[in-house]
Amino acid sequence: MVASLVTLVVSLFVVDARATSMAEQRALSKAQAFIDELEVELVTVESVRHLDIEDEVREFSHAGDTITVYLHGVRVAGSPQLDLATADGCKPNAESEDHWLVCQASSAPHGLVALVGQSRTDVLAHRGPLLTGGLISVLVLLIGGVFAGFWVSRWSLRPLHRLREVLEGVDPNAPATAALPRADTEEVNAVVAVLDTLLVKLGREIDRSRRFSADAAHELRTPLTKLRTELELLAEADAQRGPDSVYPALVERTAELGQLLERLLVLASPEQALQRDALVSMSVVAEEALETLGPDATRVSLQCEGDGTVLGDGGLLAIVVKNAIDNALKFSDGPIAVQVTERPGEVEVRIDDEGPGLDAGQRARAFEPFFRGRGARGVAGHGIGLALVEHVTRAHRGSVAFVGTQPGAHLSIRLPRAKMPG
């Protein structure tokens, strides 16, 4: 558009110069023709004074031109607004719009001088159509450029949009393979090649980290089991000491450490390794979880609306429900409500407590491993219970989130409902 406007302005100046030059030639020719006509008339009359110059001026004054005749420096006909110049030729008169261009021709033997004046409007009459046509062309070019640019940008960015869609669908738990789509442009393919290499490297590092965590947990499980067994034997042998014996506390701490290792082992396992296709009733899972709570079971109420049958690993889903209830018991001194609800296409397990709840910042990080919010000070735990809940739920193609508003925390676990045969 800028280039078109510059071209229009330059064209306007060029056409102005050309039109002014042609107007000068026409005015000079007209002035000279008028002088020649007067000289022919002088042959048939006795003197210039007997010549009807006004009639000749009227005859030559047409198309908006103004003619003035001087004889020996004295005006004898025509408009008084045109003054004699020192030499023949044309000059612009910026002070007058009616006589913007004045051209002069003379006849030395008779002392005649003819001046032809042309208005600015007549000389520059081309400007209106030129500007109108030029601006219309610029407008058409602008609109066409916008649509063409929009189409070209969408066409050129189409490979990047496809690449973005593929990257959004990359499964971090899937095997690392170079499967990004190639495009028709060399530049995009160069980026895709780099991303392919990066994804493969990241996948290998993630697999290596998971294998290390799993191997470490397996290696620690055996000595911990032996240590717990030996401490239990020592506790039995030292039973006569009663409350003064330290072995029962050591057995309990060892059991907690073993439980922590089991949770870490589950967290280190890829989602594919946690998936099963067995039918599991979430209502039964919730009832069995309440039976393991001991004295705290009196604070927990359970309401089941249907069996809540899903596909998965019953043991892992039991860990999910148990961890969710344990988390509510830790942060609330009041009653805990557990509800299993069947809906079209999904089963929801809802755990509501009357504790301090979580603000927006804590909700965003609640499922991160080892994260402990401000309300967790003085509360026993390692900060992996909710991370384990989220990991196992996602492996079962479900979702988990804190919903609702304070007071209290409201944890919602949603799992795909199993299609029953028949």
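Scanning segment 336-361 for residues that are closer than 15 Å to Gly404 by Cβ, touching a Gly at 6+ places or on another chain (Cβ under 7 Å) and among the aliphatic types (A, V, I, L, M) yields a total of 1. Listed by position, the strands (runs of 3 or more DSSP E) enclosed by segment 53-168 that each have at least 1 residues that are charged (D, E, K, R) and more than 28 Å from Val15 (Cα to Cα) are 74-78.
Quick grid of which residues meet (1) of a type outside the set (Ser, Thr, Tyr); (2) within 20 Å of Glu390 (Cβ to Cβ); (3) not assigned by TED's automatic domain parsing to the domain that holds Ala237:
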position: Thr254; (1), (2), (3): no, no, no
position: Leu260; (1), (2), (3): yes, yes, no
position: Leu264; (1), (2), (3): yes, yes, no
position: Ser281; (1), (2), (3): no, no, yes
position: Thr298; (1), (2), (3): no, no, yes
position: Leu311; (1), (2), (3): yes, yes, yes
position: Leu316; (1), (2), (3): yes, yes, yes
position: Val320; (1), (2), (3): yes, yes, yes
position: Lys330; (1), (2), (3): yes, yes, yes
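Consider segment 32-55 and keep the residues that are surrounded by 16 or more Cβ atoms within 10 Å (Cβ to Cβ) and closer than 19 Å to Asp83 by Cα. The one that is modelled with the highest pLDDT is Gln32.
Selection of segment 91-110 for residues being farther than 14 Å from Asp122 by Cβ and over 60 Å from the mean Cα position of the chain (by Cα) yields Lys91, Gln104, Ala105, Ser106, Ser107, Ala108, Pro109, His110. Among the residues of segment 68-78, are any within 30 Å of Val6 (Cβ to Cβ), modelled with pLDDT of 85 or more and surrounded by 15 or more Cβ atoms within 10 Å (Cβ to Cβ)? There is no residue in segment 68-78 that is within 30 Å of Val6 (Cβ to Cβ), modelled with pLDDT of 85 or more and surrounded by 15 or more Cβ atoms within 10 Å (Cβ to Cβ). Among the residues of segment 87-124, those identified as at pLDDT 80 or above and over 17 Å from Arg26 (Cβ atoms) are Ala87, Ser106, Ser107, Gly111, Leu112, Val113. Condition check for Gly169 on (1) under 24 Å from the mean Cα position of the chain (by Cα); (2) surrounded by 10 or more Cβ atoms within 10 Å (Cβ to Cβ): one failure, at (2).
For Val379, state whether it is modelled with pLDDT under 90 and assigned to a helix (DSSP H, G or I). No. Against the condition closer than 17 Å to Ile413 by Cα, without any contact (Cβ under 8 Å) to a residue 24 or more places away in the chain and β-branched (Val, Ile, Thr), how does Val280 come out, does it pass? So Val280 does not fit the description; no.
The values are calculated or read from the model by the stated rules, or taken from the named source; none is laboratory data. Since the model is a prediction, treat every value here as computed from it, not as a measurement. Neighbour counts run over all protein chains shown; Cβ positions are idealised from the backbone, glycine included.
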